[in-house]
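These notes are about the structure you will find just below.
The values are calculated or read from the model by the stated rules, or taken from the named source; none is laboratory data. In this text, all values refer to a predicted model and were calculated from it rather than measured experimentally. Here Cβ is always computed from backbone atoms with ideal geometry, including for glycine, and neighbour counts include all displayed protein chains. Accessible surface is based on the protein model in full, side chains and every heavy atom, while ligands, DNA and RNA are left aside. Shrake-Rupley method; radii C 1.70, N 1.55, O 1.52, S 1.80 Å.
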Amino acid sequence: MKNQIKILTYLSIVLLMIACGSTNKMTMGVTKSAKVHLSSEVKSIGIINRSEPSKGNKGLDKIDQILSAEGLNLDKKGAEVAISAFASELGKIKSFDEIKIIENVDEVKSGLGVLPATLSWTTIETLCNTYHVDVIFSLAFYDTNTKSSFKVTTMPLENKLGVKVNVPAQEVTLNTFVNCGWRLYDPKTKIIIDERNYTKEMLFHGQGINPIKAVEAVKQRNEVVQEYSRNVGIAYAQRLVPNKIRISRDYYKSGTDSFKIAHRRALTGDWDGAAELWKDELNNSDLKIKGRANYNMAISSEINGNLDLAIEYASKAYTDYKNKLALDYVNILKYRVEQNNVLDQQRSN
């Protein structure tokens with residue numbers, strides 16, 4: 001019994017190796033639809049900042065500011081930079097009639113460093129009507145939370161004689177967490193089209209003759225946090241842009257001499273030449289070879305951008321010739337067709 005199990009295991013491994021050895025992987029570039037889609041009817045954009053502290057939360061924010069030591073305005077500046085970068089990038093990548101940063105609206109303020117409850121659609125509609133915008137992008141929250149730790153050390157300090165000597169000092173480590181989140185409200189459909197959170201942990205070190213001086217020595221923290229905030233604003237705007245990605249596909253490289261020649265042509269980038277040989281094998285008397293030929297012709301059709309024809313070939317490879325790779329490939333191709341339909345709609349807008 002044990003020997004039979006060993007034999008079956010060995011045969012399974014051999015078959016798997018044979019199956020893997022019959023294909024080769026290739027990659028191709030495709031354009032993927034944007035993560036966030038706006039209707040063509042959206043002409044004017046409103047941007048609000050909910051991260052400003054509301055009256056009920058000022059005590060909490062002051063505690064955070066004290067813990068952040070020298071960064072009293074870190075949250076305020078970071079949020080402003082994120083919104084400014086978002087508005088600027090949005091203007092570069094999309095053609096809108098107007099992009100408005102809506103300020104000083106007490107009803108929308110939150111102040112908590114967590115994703116707050118959504119705004120009511122009455123509030124959103126009021127904002128849109130008041131400021132003549134079609135949708136509202138909200139910086140739903142922006143919060144920096146800093147934890148500090150100190151240790152005793154020494155540092156060189158120049159004495160009255162101009163000679164540097166090592167003196168007792170404090171070394172501070174500031175562990176700053178930046179958390180922010182965005183929402184996109186569409187008052188027409190009353191749907192929150194998108195939500196996206198960003199988090200980042202940053203470590204800063206400084207030395208001084210006492211803890212306060214050590215914290216003051218961390219000069220670059222504001223600049224680093226603001227640069228991250230700027231990148232967050234740009235990244236969120238980029239969610240509205242279709243992006244190019246690379247996808248991988250397996251094609252059959254063996255089965256007949258024609259497959260081997262076609263494989264060599266494919267390696268040189270001559271996919272049309274490879275397809276000529278695969279097409280000839282569609283009439284092969286061997287059903288397995290026919291299945292592989294249909295599957296490879298589906299690959300060729302996808303490379304040439306004809307997804308409907310690719311689905312025809314892949315479907316035939318599975319239904320008529322029981323090619324095992326073809327069924328998953330059919331589903332992948334159908335998904336690509338759906339994504340292309342979305343992409344076409346985005347481009348037409």
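Side notes on the structure shown:
- In this entry, ASP97 passes the filter for residues that are within 17 Å of LEU240 (Cβ to Cβ) and either open to solvent by 90 Å² or more (accessible area, probe 1.4 Å) or at pLDDT 85 or above (or both).
- Exactly one residue out of THR189, THR199, THR153, THR122 is open to solvent by 60 Å² or more (accessible area, probe 1.4 Å), among the β-branched types (Val, Ile, Thr) and more than 30 Å from the chain's Cα centre (by Cα), and it is THR122.
- Restricting segment 79-102 to residues that are part of a loop (DSSP other than H, G, I, E, B) and touching a Leu at 6+ places or on another chain (Cβ under 8 Å), the residue that is farthest from GLY181 (Cα to Cα): PHE96
- Taking segment 221-257 as the range and being closer than 15 Å to VAL81 by Cα, of a type in the set (A, V, I, L, M, F, W, C) and surrounded by fewer than 20 Cβ atoms within 10 Å (Cβ to Cβ) as the test, the residues that pass are VAL224, ILE234, ALA235.
- Pairing residues of segment 87-105 that are closer than 18 Å to VAL232 by Cα with residues that are part of a loop (DSSP other than H, G, I, E, B) and at pLDDT below 90, at Cβ distances under 9 Å and at least 6 apart in sequence or on separate chains, gives ILE93/VAL241; LYS94/LEU38; LYS94/VAL241.
- Among the conditions (1) open to solvent by 10 Å² or more (accessible area, probe 1.4 Å); (2) out of contact with any Lys or Arg (no Cβ under 9 Å at 6 or more places or on another chain), THR144 misses just one, which is (1).
- Members of segment 276-312 that are over 22 Å from THR27 (Cα atoms) and open to solvent by less than 10 Å² (accessible area, probe 1.4 Å): none
Here is a yes/no grid of residues against (1) in contact with a strand residue (DSSP E or B) (Cβ under 9 Å, 6 or more places away or on another chain); (2) within 30 Å of LYS151 (Cβ to Cβ):
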| site | (1), (2) |
| --- | --- |
| TRP182 | yes, no |
| TYR185 | yes, no |
| ILE192 | yes, no |
| LEU203 | yes, yes |
| GLY206 | yes, yes |
| GLN220 | yes, yes |
| GLN226 | no, yes |
| SER248 | yes, no |
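- Any hit, segment 35-49, residues being at pLDDT 85 or above, open to solvent by 50 Å² or more (accessible area, probe 1.4 Å) and touching a Lys or Arg at 6+ places or on another chain (Cβ under 7 Å): yes
- Filtering segment 1-26 to residues that are exposed (fewer than 10 other Cβ atoms within 10 Å of the Cβ) and modelled with pLDDT of 90 or more leaves only LYS25.
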